[in-house]
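The values are calculated or read from the model by the stated rules, or taken from the named source; none is laboratory data. Given the structure is predicted, the values throughout are model-derived calculations rather than measurements. In this analysis, Cβ positions are derived from the backbone assuming ideal geometry, glycine residues included, and neighbour counts consider all displayed protein chains.
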Amino acid sequence: MPTLVEAENRGDERGALLAYLEAQRGAVRRALLGLTEEQAARKPSASGLSLSGLLKHLVEVEDGWVRTGRGLRYATERDESNWQESFRLVGDETIAGKLAEWEEVAARTERFVREVPDLDATFALPEAPWFPPGAERSMRWLVLTLIQEVARHAGHADIIRESLDGKTAFELVDAAMAAEAGAETETAAEAEAGRQRATA
């Protein structure tokens, strides 16, 4: 348990689900901390997975499930011909770009989960060989599926990162906290400098 998930407000089931989802996203983001594009594209284990590939996959999957819950199709349709492209950056795609996209997707997920009238409401599963025909699931199931998906790949990300440079999840938590503290200090210094200029 590298990080502690904050307690939800009393009775806020949606808040609890979203907090656990965000905690798992954070683990994946930290696994990419300080890596170059080339390092993040390496596949140091027998699985053939890379950190940048996992990032792209998770962005697509989260966006896709929320679209499915809303009765929409995936933004990018995948089949045997292009499935592997969901696990690697192509063209002008970058880690920074995918992280920014994930932030937008996460905001849409939160709005969707907060605004859906009832977590017991159902949606139709898409047609796929691994889903029973005509099956429906609840919105609660959708969010739990997202948590499961991101958590599973966060574990993969931990192993890949440690295989790349020996950094463990706990070390990356410390590094992320230090970077955040440094950014806050820099922001405070800039604000103080601005105040001094204004009163000069």
- Message: If the requirement is being in contact with an Asp or Glu (Cβ under 8 Å, 6 or more places away or on another chain), in the same structural domain as Thr36 (by TED's automatic domain parsing), basic (Lys, Arg) and at pLDDT 90 or above, which of these qualifies: Arg152, Arg108, Arg137, Arg161?
- Response: Arg108
- In the range 21-59, how many are more than 10 Å from the chain's Cα centre (by Cα) and either assigned to a loop (DSSP other than H, G, I, E, B) or touching a residue at least 12 places away in the same chain (Cβ under 8 Å) (or both)? 23
- Ser81, sole failed condition from (1) modelled with pLDDT under 95; (2) small (Gly, Ala, Ser); (3) in a helix (DSSP H, G or I): (3)
- Task: Within the range 50-64, track down each residue that is of a type in the set (A, V, I, L, M), more than 16 Å from Gly166 (Cα to Cα) and surrounded by 19 or more Cβ atoms within 10 Å (Cβ to Cβ).
- Result: Leu54, Leu55, Leu58, Val59
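Please specify each residue of the range 105-137 satisfying the condition of being charged (D, E, K, R), part of a helix (DSSP H, G or I) and surrounded by 12 or more Cβ atoms within 10 Å (Cβ to Cβ). Give the steps one after another, and end with the answer.
Step one: list which residues in the range 105-137 are charged (D, E, K, R), which gives 108, 110-111, 114-115, 118, 120, 127, 136-137.
When the remaining residues are screened for being part of a helix (DSSP H, G or I), the result is 108, 110-111, 114-115.
Passing the criteria: Arg108, Glu110.
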- Item | Pairs, first in contact (Cβ under 8 Å) with a residue 40 or more places away in the chain and assigned to a helix (DSSP H, G or I) in the range 152-174, second surrounded by 14 or more Cβ atoms within 10 Å (Cβ to Cβ) and acidic (Asp, Glu), C-beta under 6 Å, six or more apart | Ala169/Asp158
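How many residues are over 13 Å from the mean Cα position of the chain (by Cα), assigned to a helix (DSSP H, G or I) and not charged (D, E, K, R) if we restrict to the range 84-95?
Going through the range 84-95 one residue at a time, the tally reaches 3.
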- Give me the pairs: first residue in the range 107-128 and more than 14 Å from Gly15 (Cβ to Cβ), second residue surrounded by fewer than 13 Cβ atoms within 10 Å (Cβ to Cβ), beta-carbon distance under 6 Å, and six or more apart or on different chains, which are they? Thr122/Glu136; Ala124/Glu136; Leu125/Phe131; Leu125/Ala135
- Message: Please go through (1) part of a helix (DSSP H, G or I); (2) not assigned by TED's automatic domain parsing to the domain that holds Leu144 for Val5 and return the number of the only condition it doesn't satisfy.
- Response: (1)
